[in-house]
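Here the structure is laid out as structure tokens; the discussion comes afterwards.
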Amino acid sequence: MSTRVQGAITNPPPHTASHLDFPNYPEPPAPATVYNGATVANGPPTYLCPGQYSNQIIVQNGATAVLAPGVYQVQANGVSIQGTLRTLNGSDVGQAVCGATLASLPSDTGVIIEVTPANASGSTQCNKHIFSAAASSTITLQPSPKYYNISLYIETMPNWQTQCTSQPLGTNVVRFSGGSCYSIKGAIYGPADNMVLTGGGCGTGVGQIVAWTLTINGNGNVNETYDPTAVPYMKGLVQ
């Protein structure tokens with residue numbers, strides 16, 4: 001297993017300081033529209049619209065789900081990808097997207113997916129709502145400066161330090177399996193989450209990670225393609 005970081009730090013980090021701010025970004029509000037989850041099982045690409053998802057988003061059987069630009073807040077049961085999850089690209093021009101024909105590709109196709117963690121009754125692992133990418137999945141997400149260039153936002157669970165007491169403490173939401181193909185240009189932000197990334201897949205990896213802990217498994221590479229123009233600057237965090 002090897003870890004590789006590509007890119008350059010254009011601004012040097014601070015060398016002397018008495019305090020470094022904890023990286024903290026407010027959660028962008030989702031539109032008021034509420035969906036009872038979404039299941040994409042087969043057929044041509046299915047277009048999902050920004051809003052509040054009160055149940056799971058699941059992509060099954062190699063199907064394709066396409067996210068229109070905006071904020072997606074998943075409030076229960078997380079996100080399960082066993083196919084393709086992506087943002088808009090040129091192939092979507094001319095298609096019906098969220099009630100209108102897409103005449104041209106927007107200049108900003110970015111999305112942010114927000115996941116609300118939870119703890120199952122009697123558990124201390126806080127892994128009831130997870131964001132999982134199966135071995136055969138493909139995830140391609142463009143960020144937006146409107147959402148701080150964060151692609152995946154794991155909310156900080158209230159009282160997590162007393163409820164999520166299984167070591168190493170924290171929630172357990174982000175789980176990418178070996179063989180999954182992910183190109184997430186923005187940041188994965190979960191300052192109280194224990195994230196697991198497994199190598200051996202494809203894609204460009206992720207732009208930046210803010211986590212409570214990060215576990216890298218597998219025998220393949222886990223690449224982080226750092227683009228300083230597309231990710232937020234975190235005080236005190238050096239990639």
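The values are calculated or read from the model by the stated rules, or taken from the named source; none is laboratory data. All figures in this text were calculated on a predicted structure; none of them were measured in a lab. Cβ coordinates were reconstructed from backbone atoms using ideal geometry, including for glycine residues, and neighbour counts include every protein chain displayed.
Residues in the stretch 67-92 that are touching a Leu at 6+ places or on another chain (Cβ under 8 Å), of a type in the set (A, V, I, L, M, F, W, C) and either surrounded by fewer than 21 Cβ atoms within 10 Å (Cβ to Cβ) or not in a strand (DSSP E or B) (or both): 68, 88.
Within the option set 121, 136, being assigned to a loop (DSSP other than H, G, I, E, B) and without any contact (Cβ under 8 Å) to a residue 12 or more places away in the chain holds for one residue only, 121. Quick one: is residue 84 within 18 Å of the chain's Cα centre (by Cα), at pLDDT 95 or above and either among the polar types (S, T, N, Q) or more than 24 Å from residue 149 (Cβ to Cβ) (or both)? Spelling it out, residue 84 is indeed within 18 Å of the chain's Cα centre (by Cα), at pLDDT 95 or above and either among the polar types (S, T, N, Q) or more than 24 Å from residue 149 (Cβ to Cβ) (or both). Taking the criterion of being within 27 Å of residue 177 (Cβ to Cβ) and not polar (S, T, N, Q), the residues of the stretch 93-125 that qualify are 110, 111, 112, 113, 114, 115, 117, 118, 120, 122.
Applying the set (1) in a loop (DSSP other than H, G, I, E, B); (2) of a type in the set (S, T, N, Q); (3) within 18 Å of the chain's Cα centre (by Cα) to residue 52 leaves exactly one unmet item: (1).
Residues checked against (1) in contact with a strand residue (DSSP E or B) (Cβ under 9 Å, 6 or more places away or on another chain); (2) in a strand (DSSP E or B); (3) surrounded by fewer than 24 Cβ atoms within 10 Å (Cβ to Cβ); (4) not basic (Lys, Arg):
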position: 143; (1), (2), (3), (4): yes, no, no, yes
position: 146; (1), (2), (3), (4): yes, no, yes, no
position: 156; (1), (2), (3), (4): yes, no, yes, yes
position: 161; (1), (2), (3), (4): yes, no, yes, yes
position: 175; (1), (2), (3), (4): yes, yes, yes, no
position: 179; (1), (2), (3), (4): yes, no, yes, yes
position: 183; (1), (2), (3), (4): yes, yes, yes, yes
